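Here's the structure, in structure tokens; my notes come after.
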Amino acid sequence: MDLASLTLTELQGRFRSGAASPTEAVRAVLDSIANKDAAIGGYLSHDAETALREAAQADVSLPLGGIPIAIKDLINVKGQPCSCASKILHGKYTAPYDATVIQRLRAAGAIPLGRTNMDEFAMGSSTENSGLQITRNPHDPSRIPGGSSGGSAAVVAANEAIAALGTDTGGSIRQPASHCGCVGLKPTYGRVSRFGLVAFASSLDQIGPMTKSCEDAARILGVIAGRDSNDSTSLDLPVPDYTATLNDGVKGLRIGLPKEYFIDGIDPAVRDRINAAVETLAAQGAEIREVSLPNTKYAVATYYIIATAEASANLARFDGVRYGHRSTVADTLLSQYTRSREEGFGDEVKRRILLGTYVLSAGYHDAYYVRAQKIRTLVRDDFTRAFAEVDVIASPTSPTAAFRIGENSDDPLHMYLADIFTIAANLSGIPGLSVPCGTVPSDKGTALPVGLQLLGKPMDEATLLRAGNSYEIAGRG
Amino acid sequence: MPDIDVTRTANLARLELSPEETVRFHEQLQHVVNYMALLEEVDVSDIEPTAHAVPVFDVMREDVARPGFTADEALANAPRRVGDQFHVPKVIE
């Protein structure tokens, strides 16, 4: 029995019955990494020695006692590298502190094990923008794992990890979860502290669990959620036990299908899987109805103005002064900035900094940035209106399954448009969950995972997890 | 549609682009900027901008000093350090 192939909940059961120890579990994960990661490339680094030492001291009575969890490489874990998959930080930055989510995982007994690959500074939807290495989809190594949390999704899907943390700014937890066949949850904005998360877009970023089951996601969310005095955007609201209502079923749950989402651009095989998933939920007692989100068509443009504007401000700190790459061919202060950043950042990061700087610059600020913020209000109001009629909104997470590595690298805009189903949730601050709902065949005969996305009211992660769990159980039966 | 001035924008963003990058990024970014013209068709009169989707206000804490990094911790990742200071190129002529 390979302990690395268990869910977090199953592994915890083994610990508590004495059937397995955290040391054995960490060894199993390390063996899995040694056997599989050369081909998949999900991890940028991992510290076996520290993980084994922590496993030996683990207290399995704690909520996540002895459970190893892989961490996306932009969340600070004290003493570990934090590269954001960028040459500007690779080998040049060791985290001097634990992010709040890491402090909470540790207090619950979990073991942060491994730094996972990602699109550089979380900018991308395929992990191809990593400045350091390629990650391959475990279901088909010629294809992307999705992004930007592609490394986290891949290692969970390949059983190279029990669970992982990812981050989601425009879909970066949900979409790779969909492409790799695992569960991914983006919490409500403000539900989880961003202290210690390297910021991409401060009004959009959230940290969330990427797991093998909805129950596992519920357990991790319960530990990391809650107000943090170090993050003034975190919400001062109680954290429920997300596992308490997991098995309550979906009888009477009103599920809305947005008519603007079910459009021609969805791959027909993906659409079939989503329809089948919705029918399964209907068979379990959910009521399915149509809703309208009329401002859907503006969401991608709105997002790429707001997110890049915020990113251009957040990435100004990478200037070669206090940490990270400093150019050796700069002789003035100004050229130290311009050359360090030129040498350290990859293409997509430069493009987004330029775009963000442009939309904020004098003469363009009102026409682009302020206008986008107003349209953001309209996008959010669409959801508020829809949630007066339904409890959950369902859609594909992505219009297609994973594409081939290299297929879209030359066309940034084409890549941006694929975020159409995930992006509005970040603009609106609402929570979103992607659960695996089958596979579609590729032209090579590999089976590519498809994700069902469920969106919920602010702070209603419990309903999303209940619906996702209900679907999961029905799928197994 | 306005033509994005990549050179001017790069200067504002403190990026020293190569000539090849300037041309390539201009083409790619102009494509994106042209796509954003879509937003002009929306009637935004009387709409308040949203900067913060799930807003909180007046988040305060007690004005009490708390422990922070030591100088060594803060300087641990410094590209160049002299004593307890970050060493940088000359700032003032």
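The values are calculated or read from the model by the stated rules, or taken from the named source; none is laboratory data. Quick caveat, the model's predicted, so the values are computed rather than measured. Every residue, glycine among them, receives a Cβ derived from its backbone with ideal geometry; neighbour counts consider all protein chains shown.
Quick check on region A:200-216. Is at least one of its residues among the acidic types (Asp, Glu), within 25 Å of residue A:37 (Cα to Cα) and modelled with pLDDT of 95 or more? Quick ask: steps written out before the conclusion?
Taking region A:200-216 first, the residues among the acidic types (Asp, Glu) are A:205, A:215-216.
The next check asks that each one be within 25 Å of residue A:37 (Cα to Cα); those that pass are A:216.
Those left that are additionally modelled with pLDDT of 95 or more: A:216.
There is at least one residue in region A:200-216 that is among the acidic types (Asp, Glu), within 25 Å of residue A:37 (Cα to Cα) and modelled with pLDDT of 95 or more.
Which pairs do you get when a residue that is closer than 15 Å to residue A:340 by Cα, found in region A:79-96, comes within reach of a residue that is at pLDDT below 95 and surrounded by fewer than 18 Cβ atoms within 10 Å (Cβ to Cβ), reach meaning Cβ atoms under 6 angstrom, with the pair 6+ apart or on two chains?
Listed by first residue and then by second, the contacts come to nothing, as the list is empty.
Go through region A:401-436 and report how many residues are at the interface with another protein chain (Cβ under 9 Å from one of its Cβ atoms), under 21 Å from residue A:376 (Cα atoms) and out of contact with any strand residue (DSSP E or B) (no Cβ under 8 Å at 6 or more places or on another chain).
Residues of region A:401-436 that are at the interface with another protein chain (Cβ under 9 Å from one of its Cβ atoms), as a first pass: A:410-413, A:416-417, A:426-430.
From what's left, under 21 Å from residue A:376 (Cα atoms): A:413, A:416-417, A:426-430.
After this cut, where a residue has to be out of contact with any strand residue (DSSP E or B) (no Cβ under 8 Å at 6 or more places or on another chain) as well, the list is A:413, A:416-417, A:427-429.
Final tally of qualifying residues: 6.
Would you check if residue A:261 is closer than 30 Å to residue A:116 by Cβ and either at pLDDT below 95 or within 14 Å of chain B (Cβ to nearest Cβ) (or both)?
Against the criterion (closer than 30 Å to residue A:116 by Cβ and either at pLDDT below 95 or within 14 Å of chain B (Cβ to nearest Cβ) (or both)), residue A:261 qualifies.
Name the single residue that is surrounded by the most Cβ atoms within 10 Å (Cβ to Cβ) among those in region A:320-344 being among the aliphatic types (A, V, I, L, M) and either part of a helix (DSSP H, G or I) or modelled with pLDDT under 95 (or both).
Applying the filter and picking the extreme gives A:330.
Is it true that some residue in region A:260-275 is surrounded by fewer than 22 Cβ atoms within 10 Å (Cβ to Cβ), assigned to a strand (DSSP E or B) and out of contact with any helix residue (DSSP H, G or I) (no Cβ under 6 Å at 6 or more places or on another chain)?
no
Restricted to region A:212-231, and to residues that are assigned to a loop (DSSP other than H, G, I, E, B) and more than 24 Å from residue A:180 (Cα to Cα), which residue is farthest from the chain's Cα centre (by Cα)?
Of everything passing the filter in region A:212-231, A:229 is farthest from the chain's Cα centre (by Cα).
Mind listing just one residue for me: the one in region A:227-242 that is under 30 Å from residue A:68 (Cβ atoms) and free of Cβ contacts under 8 Å to residues at least 60 places away in the same chain and, of those, surrounded by the most Cβ atoms within 10 Å (Cβ to Cβ)?
Residue satisfying both the conditions and the ranking: A:234.
Given (1) in a loop (DSSP other than H, G, I, E, B); (2) more than 8 Å from chain B (Cβ to nearest Cβ); (3) buried (at least 23 other Cβ atoms within 10 Å of the Cβ), identify the lone condition not met by residue A:306.
Exception for residue A:306: condition (1).
So residue A:190 clears everything in (1) in contact with a helix residue (DSSP H, G or I) (Cβ under 9 Å, 6 or more places away or on another chain); (2) of a type outside the set (Val, Ile, Thr); (3) in contact (Cβ under 8 Å) with a residue 60 or more places away in the chain except one condition, right? Which one?
Of the numbered conditions (1) in contact with a helix residue (DSSP H, G or I) (Cβ under 9 Å, 6 or more places away or on another chain); (2) of a type outside the set (Val, Ile, Thr); (3) in contact (Cβ under 8 Å) with a residue 60 or more places away in the chain, the odd one out for residue A:190 is (1).
Out of A:279, A:342, A:290, A:310, report the one residue that is without any contact (Cβ under 8 Å) to a residue 40 or more places away in the chain and touching a helix residue (DSSP H, G or I) at 6+ places or on another chain (Cβ under 9 Å). It would help to see each step written out before you state the result.
Working: A:279 fails: touching a helix residue (DSSP H, G or I) at 6+ places or on another chain (Cβ under 9 Å); A:290 fails: touching a helix residue (DSSP H, G or I) at 6+ places or on another chain (Cβ under 9 Å); A:310 fails: without any contact (Cβ under 8 Å) to a residue 40 or more places away in the chain.
Checking each option against the conditions leaves just A:342.
Can you name the residue in region A:355-386 that is among the β-branched types (Val, Ile, Thr) and within 27 Å of residue A:292 (Cβ to Cβ) and is also farthest from the chain's Cα centre (by Cα) among such residues?
The selected residue is A:370.
Which residues, counting only those in region B:79-93, are acidic (Asp, Glu) and within 17 Å of residue A:334 (Cβ to Cβ)? Walk me through how you get there before you give the answer.
Looking only at region B:79-93, we keep the residues that are acidic (Asp, Glu), and these are B:84, B:93.
Across region B:79-93, the qualifying residue is only B:93.
Kindly provide the set of residues from region B:62-81 that are among the hydrophobic types (A, V, I, L, M, F, W, C) and either farther than 20 Å from residue A:93 by Cβ or in contact with a Leu (Cβ under 8 Å, 6 or more places away or on another chain) (or both), ordered by number.
B:64, B:65
Looking at residue A:384, is it surrounded by fewer than 19 Cβ atoms within 10 Å (Cβ to Cβ) and either facing chain B (nearest Cβ under 9 Å) or part of a helix (DSSP H, G or I) (or both)?
For residue A:384, the condition - surrounded by fewer than 19 Cβ atoms within 10 Å (Cβ to Cβ) and either facing chain B (nearest Cβ under 9 Å) or part of a helix (DSSP H, G or I) (or both) - is met.
Somewhere in region B:31-51, is a residue over 25 Å from the mean Cα position of the chain (by Cα), β-branched (Val, Ile, Thr) and exposed (fewer than 13 other Cβ atoms within 10 Å of the Cβ)?
Taking every residue of region B:31-51 in turn, none turns out to be over 25 Å from the mean Cα position of the chain (by Cα), β-branched (Val, Ile, Thr) and exposed (fewer than 13 other Cβ atoms within 10 Å of the Cβ).
Can you name the number of the only condition in (1) crowded, with 16+ Cβ neighbours inside 10 Å; (2) closer than 30 Å to residue A:91 by Cα; (3) more than 8 Å from chain B (Cβ to nearest Cβ) that residue A:317 fails?
Evaluating residue A:317 over (1) crowded, with 16+ Cβ neighbours inside 10 Å; (2) closer than 30 Å to residue A:91 by Cα; (3) more than 8 Å from chain B (Cβ to nearest Cβ) leaves (1) as the failure.
Taking region A:345-372 as the region of interest, how many residues are touching a residue at least 12 places away in the same chain (Cβ under 8 Å), surrounded by fewer than 23 Cβ atoms within 10 Å (Cβ to Cβ) and among the small types (Gly, Ala, Ser)?
1
Any residue at all in region A:434-457 that's on the phi > 0 side of the Ramachandran plot, buried (at least 19 other Cβ atoms within 10 Å of the Cβ) and not in a strand (DSSP E or B)?
Checked against the condition, which is being on the phi > 0 side of the Ramachandran plot, buried (at least 19 other Cβ atoms within 10 Å of the Cβ) and not in a strand (DSSP E or B), region A:434-457 yields no hits at all.
Any residue in region A:233-250 that is out of contact with any Gly (no Cβ under 8 Å at 6 or more places or on another chain), of a type outside the set (D, E, K, R), closer than 20 Å to residue A:425 by Cβ and not in a loop (DSSP other than H, G, I, E, B)?
No, region A:233-250 contains no residue that is out of contact with any Gly (no Cβ under 8 Å at 6 or more places or on another chain), of a type outside the set (D, E, K, R), closer than 20 Å to residue A:425 by Cβ and not in a loop (DSSP other than H, G, I, E, B).
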